[in-house]
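Report on one structure; see the data block that follows.
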């Protein structure tokens, strides 16, 4: 703390005056230091929103967060640090943008707020908010700046999916591309128009829903936040049998049918922060709030209802067999998607740590087999798939011939909903940059005892493709195509040698035996959509 001395030392050759001045200065400094230590708790930030129903999140650059629900329209939040950015979550549980407290020229917005700020009335606008009157300069942190157009951060209103360049460090509380949204709420941290879940290979390897997810580091007992590189990981799973799966590129498939399939089978894998009791605060999201459609996959119990012993509306999260919490959402496309905002409230040693995060996207459809050829035979698939159609449990696709069972398949990519206003259009988006694997969870079956364990993902040596968008890598084929508006012409084709896949695990495939193959489309982050197809050896 800098202390101004109340006395000046005059150079008059009088040592006594100098001693008096120095002594008084030391005493003054000591008194002030005792009265206001550097570690003093930050003063509350207050304001009154122009609309009710919002949660205000104060987020520090280091990743510490504090979230409070506004009482009516008024809010009072004790920030986790002396300098923070403020963010809103709306009544539906969707991220509503940053609070802008000033501008710098025409192309910079100021988003930094200091502890003790009194914002007065805050106007909630589309994708952002701002005080009705200029905030006092002493409460503005001018170091927190964002690229802007007409005073609005460029990432506002599109959940950060915008072309932007910045030189900031990455992290929960840091705005890497300077679009106005920190990592906790930005679906595209680095501003390259590629959603984060498709470019995290360096941070986390591809996993299936059956593999454990690495835990976040334990928060400090005193309630400190995770390190800046940590984030609340949430990803999407959608796995369906051939006769249940749908795709927006298949003629005759309606949005209502896609909604029904999503509600039936879609799940979220939610990372559980270690180190204390963890509750999920998801605001008004219909699939994880009181009275909603959410059900825990393990035990089929209503969430949060049967996980809310203290009655605060926040469900207790526990790690399941996969190392995370699996939630069956029951949600339709309009009820779930990019920008859904969560806060994990972690209580340890009587102190609460809050970890915010945002849903990057969800699979609305699965990869969809369009046509196939195997053993001299071929066929096409019509959607919705009729019971008993080739590839279903009751009518497998027959792979005849004496040689290796090689199946060539052409697929439509799975889809997600476009982020309106971000340049993607307003409909379905064919998802690119996924890895496609042929997963064989069980060995061949037929008469006799149930099949045992299968080889899992077929090894790289069993795949081949001449598709210019695909390359063989690891345990599958990797799609280099970017996300783009859904179009039936957007297909991909590859072959897999099922005989060699089974042989890698010491298994054979006798005539008459059936084999289920799950064609999985996986992101680098862990999202997984799969279509289950049944084959039979002829």
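Quick look at the numbers
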| read-out | value |
| --- | --- |
| Qualifying residue in region 271-289 (condition: under 30 Å from residue 367 (Cα atoms), surrounded by 15 or more Cβ atoms within 10 Å (Cβ to Cβ), at pLDDT below 95 and not assigned by TED's automatic domain parsing to the domain that holds residue 54) | yes |
| Test: residue in region 506-513 that is within 20 Å of residue 397 (Cα to Cα), crowded, with 17+ Cβ neighbours inside 10 Å, in contact with a strand residue (DSSP E or B) (Cβ under 7 Å, 6 or more places away or on another chain) and without any contact (Cβ under 8 Å) to a residue 24 or more places away in the chain | no |
| Subset of region 68-93 (residues that are closer than 26 Å to residue 336 by Cα, surrounded by fewer than 20 Cβ atoms within 10 Å (Cβ to Cβ) and at pLDDT 95 or above) | 68, 69, 71, 73, 90, 91, 92 |
| Near pairs, Cβ below 6 angstrom, 6+ apart or cross-chain, from region 43-56 (free of Cβ contacts under 8 Å to residues at least 60 places away in the same chain and assigned by TED's automatic domain parsing to the domain that holds residue 99) to any residue that is surrounded by fewer than 17 Cβ atoms within 10 Å (Cβ to Cβ) and part of a loop (DSSP other than H, G, I, E, B) | 52/72; 52/73 |
| Check on residue 429, in a strand (DSSP E or B) and farther than 30 Å from residue 154 by Cβ | no |
| Candidate set from region 319-332 (those that are modelled with pLDDT of 95 or more and in contact with a strand residue (DSSP E or B) (Cβ under 7 Å, 6 or more places away or on another chain)); member that is nearest to residue 97 (Cα to Cα) | 329 |
| Matching entry among 52, 42, 98 (being outside any strand (DSSP E or B), within 16 Å of residue 113 (Cα to Cα) and modelled with pLDDT of 95 or more) | 42 |
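For (1) closer than 20 Å to residue 496 by Cβ; (2) crowded, with 20+ Cβ neighbours inside 10 Å, each residue gets a yes or a no:
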residue	(1), (2)
363	no, yes
382	no, no
385	no, yes
389	no, no
404	yes, no
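Conditions tested, residue by residue: (1) at pLDDT 95 or above; (2) buried (at least 22 other Cβ atoms within 10 Å of the Cβ); (3) outside any loop (DSSP other than H, G, I, E, B).
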residue	(1), (2), (3)
156	yes, yes, no
174	yes, yes, no
184	yes, yes, yes
187	yes, yes, no
209	no, no, no
226	no, yes, no
229	no, no, no
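Matching residues to (1) modelled with pLDDT of 95 or more; (2) touching a helix residue (DSSP H, G or I) at 6+ places or on another chain (Cβ under 6 Å); (3) outside the structural domain of residue 157 (by TED's automatic domain parsing); (4) assigned to a strand (DSSP E or B):
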{"site": "299", "(1), (2), (3), (4)": "no, no, yes, no"}
{"site": "313", "(1), (2), (3), (4)": "yes, no, yes, no"}
{"site": "346", "(1), (2), (3), (4)": "no, no, yes, yes"}
{"site": "353", "(1), (2), (3), (4)": "no, no, yes, yes"}
{"site": "378", "(1), (2), (3), (4)": "yes, no, yes, yes"}
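The values are calculated or read from the model by the stated rules, or taken from the named source; none is laboratory data. Just so you know, these numbers come straight off a predicted model, no measurement behind them. No Cβ is skipped: glycine too gets one built from the backbone with ideal geometry, and neighbour counts run over all protein chains shown.
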